[in-house]
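For reference, the structure discussed in these notes is given below.
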Amino acid sequence: MGVIDSIHETNKKAGDLGDKFLSKSYEYYRLKIFQQVTISVSMIFKIMIVGGLILVALVFMSVAAAFKIGDLVNSYSLGFVLVGVLYLVISFIVFLFRKHINNAIIKSLSKPFFSQDENI
């Protein structure tokens, strides 16, 4: 009966090790998900804060540019129209290059999510 007892003991140890492995894997993936969610949320907040500040600065610079252009062409309304046209041209260019912009964003955002470095 020594062989059967040995096999039984080995099976019991293997089962215990499997349970321990599953438990540790579950804990690891919970922590990994928490890390990814935390990185995502902090990145969104940083983008919103920086983007908001840039937007405010852009509004002030646009108004100033419109007044300056209006001064140069002796018509404030024409200055505002020209600034509006400038934004339409920029929007059209961004629209044309949207696939390249998407690819660049995906590549830059995929680095922290799929890196093997645990010290992110």
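A short reminder: the numbers here are calculations on the coordinates, not readings from a lab. All figures in this text were calculated on a predicted structure; none of them were measured in a lab. Reconstructed Cβ throughout: ideal geometry from the backbone, glycine too, with neighbour counts over all protein chains shown.
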- Message: Of Ala64, Ser110, Asn74, which is farthest towards the positive pole of the chain's charge dipole, taken about the Cα centre with +1 and -1 on the beta-carbons of Lys, Arg and Asp, Glu respectively?
- Response: Asn74
- Message: Can you compute the FRET efficiency between Val3 and Phe34 using 1/(1 + (r/R0)^6), with r the Cβ-Cβ distance and R0 = 35 Å? Round to the nearest 0.05.
- Response: 0.15
- Candidates Asn74, Asn103, Asn11, ranked by Gaussian network fluctuation over the chain, Cα under 10 Å, top entry: Asn11
- Message: Can you compute the modelled spin-label distance between Asn102 and Asn74, with each label point 7 Å from Cα toward Cβ, in nm?
- Response: 4.9 nm
- Task: Please give the contour-minus-distance gain from Phe60 to Val85: 0.36 nm per residue of separation, less the Cα-Cα distance, rounded to one decimal in nm.
- Result: 7.3 nm
- Message: What are the membrane-span-like helices in the chain by this rule: whole DSSP H runs, Cα extent along the axis at least 18 Å, mean Kyte-Doolittle hydropathy at least 1.6?
- Response: 76-96
- Query: If the chain between Glu27 and Phe67 were fully stretched, how many nm would it gain, using 0.36 nm times the residue separation less the Cα-Cα distance?
  - Reply: 8.4 nm
- In whole angstrom, note down how far apart the Cα centers of the stretch 1-18 and the stretch 35-71 are. 64 Å
- Cα convex hull volume per residue for the stretch 18-120 (Å³): 121 Å³
